[in-house]
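Chemist: My structure is below; once you've seen it, I'll send some questions.
Bear in mind these aren't lab numbers, they're just calculated from the coordinates by the rules spelled out. What you are looking at is a predicted structure, and each value in this text was computed from that prediction instead of being measured. Virtual Cβ from ideal backbone geometry, glycine too; neighbours counted across all protein chains shown.
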Amino acid sequence: MTDKTTYLTREGRAKLEAELEHLQTVERKHVAERIAAAKELGDISESGEYEDAKKAQALLEGRIRELKSLLSRAQTIDDEQTGNGEVRVGSSVTVRFEEDGEEETWMIVGSAEANPRQGRISNESPIGAAILGKRPRQKVTVQTPSGVMKLTIVRVR
């Protein structure tokens with residue numbers, strides 16, 4: 001685990017807190033029931049069901065630890081932090097690609113909430129890091145895994 005600050009939107013924090021609550025209250029009970037049922041079947045030394053349940057328990061406890069750690073070092077992004085016209089974590093940014101003139105809008109989020117297919121890019125990604133602190137009409141050149149991209153910031157909300 002790392003001590004690095006994780007940025008979360010209010011919705012992202014709520015989603016992770018709800019997941020943690022569900023894992024601790026519902027899934028732990030379910031896994032414990034699976035383990036108990038497997039023990040009742042007899043010799044656990046050769047029980048595939050018991051081994052599967054124990055593996056599920058280990059994965060569950062790992063995810064619970066991960067969520068607790070992430071939430072303990074999370075900084076929630078406030079709406080007022082994003083409203084100064086400069087790209088920040090939590091901003092919605094429209095960019096125009098120099099190559100083809102196409103525009104895309106992304107929300108800049110912390111890595112825990114990133115989902116490029118949903119238009120949510122991480123502040124730690126090459127593009128996210130490159131546009132942080134920029135304002136509308138500024139041009140940005142970004143080295144990405146697929147090559148150099150040139151883009152212009154169109155709008156920041």
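Chemist: How far is it, in nm, from the label point at ARG73 to the one at HIS22 when both lie 7 Å from their Cα along the line to the Cβ?
Modeler: Going from the ARG73 label point to the HIS22 one covers 2.5 nm.
Chemist: Out of residues 5 or more away from VAL154 or on other chains, whose amide H comes under 5 Å of its own, with H placed 1.01 Å from N in the peptide plane?
Modeler: The list, which skips near neighbours in sequence, is THR94, VAL95, ARG96, ARG137.
Chemist: What residue among LEU16, GLY133, MET107 has its Cα farthest toward the positive end of the dipole of the chain, where the charges are +1 on Lys, Arg and -1 on Asp, Glu, each on the Cβ?
Modeler: Value computed over the given set: GLY133.
Chemist: If you work out P(r) over Cα pairs in 10 Å bins from 0, in percent from the coordinates, which of (i) 10, 30, 23, 17, 12, 7, 2, 0; (ii) 11, 44, 38, 7, 0; (iii) 10, 37, 33, 16, 3, 0 do you get?
Modeler: Correct label is (i).
Chemist: Provide the gained length on full extension for the span ARG157 to ARG137, in nm with one decimal, where the gain is 0.36 nm per separating residue minus the Cα-Cα distance.
Modeler: Answer, rounded to one decimal: 5.8 nm.
Chemist: Under 20 Å Cα to Cα from LYS54, which lysines show up? Leave out anything in the same chain fewer than 8 places away.
Modeler: Cα-Cα hits under 20 Å: LYS29, LYS39.
Chemist: Given the chain, what percent of its DSSP beta bridges are antiparallel, to the nearest 5?
Modeler: 75
Chemist: Multiply the residue gap between ASP3 and GLU102 by 0.36 nm, knock off their C-alpha separation, and tell me the result in nm, one decimal place.
Modeler: 31.8 nm
Chemist: Report, in deg cm²/dmol and to the nearest 500, the calculated mean residue ellipticity at 222 nm for the chain, where each DSSP H run with n ≥ 4 adds -39500 (n - 2.57) and the sum is divided by the residue count.
Modeler: -12000 deg cm²/dmol
Chemist: Once you list every other residue whose beta carbon is under 12 Å from the beta carbon of VAL148, what net charge do they have if Lys and Arg are +1 and Asp and Glu are -1?
Modeler: Here the count lands on -1.
Chemist: Just to confirm a number: summing +1 for Lys and Arg and -1 for Asp and Glu over residues other than ARG96 whose beta-carbon lies under 12 angstrom from that of ARG96, what do you get?
Modeler: -2
Chemist: Something else now. Note down the net charge around VAL26, summing +1 for each Lys or Arg and -1 for each Asp or Glu among other residues with Cβ under 12 Å from its Cβ.
Modeler: Residues close to VAL26 contribute a combined charge of -2.
Chemist: Between ALA36 and LEU60, what is the FRET efficiency for a Förster distance of 22 Å, r being their Cβ-Cβ separation, to the nearest 0.05?
Modeler: That gives a FRET efficiency of 0.90.
Chemist: Taking the Cα centre of the chain as origin, work out the dipole magnitude from +1 charges on Lys and Arg Cβ and -1 charges on Asp and Glu Cβ, in debye rounded to 20.
Modeler: 720
Chemist: Right, something else. May I ask you to order 89-96, 144-151, 67-74 by the average number of other C-beta atoms within 10 Å around their residues, highest value first?
Modeler: 89-96, 67-74, 144-151
Chemist: Going down the list LYS4/LYS55; LYS15/LYS55; LYS15/LYS68, which pairs span over 19 Å between their C-alpha atoms?
Modeler: Correct reply: LYS4/LYS55; LYS15/LYS55.
Chemist: Considering amide H positions built from the backbone, and no H for Pro or chain starts, which residues 5 or more places from VAL109, or on another chain, come under 5 Å of its amide H?
Modeler: Residues meeting the criterion, in which the H sits 1.01 Å from N, are GLY90, ILE121, SER122, ASN123.
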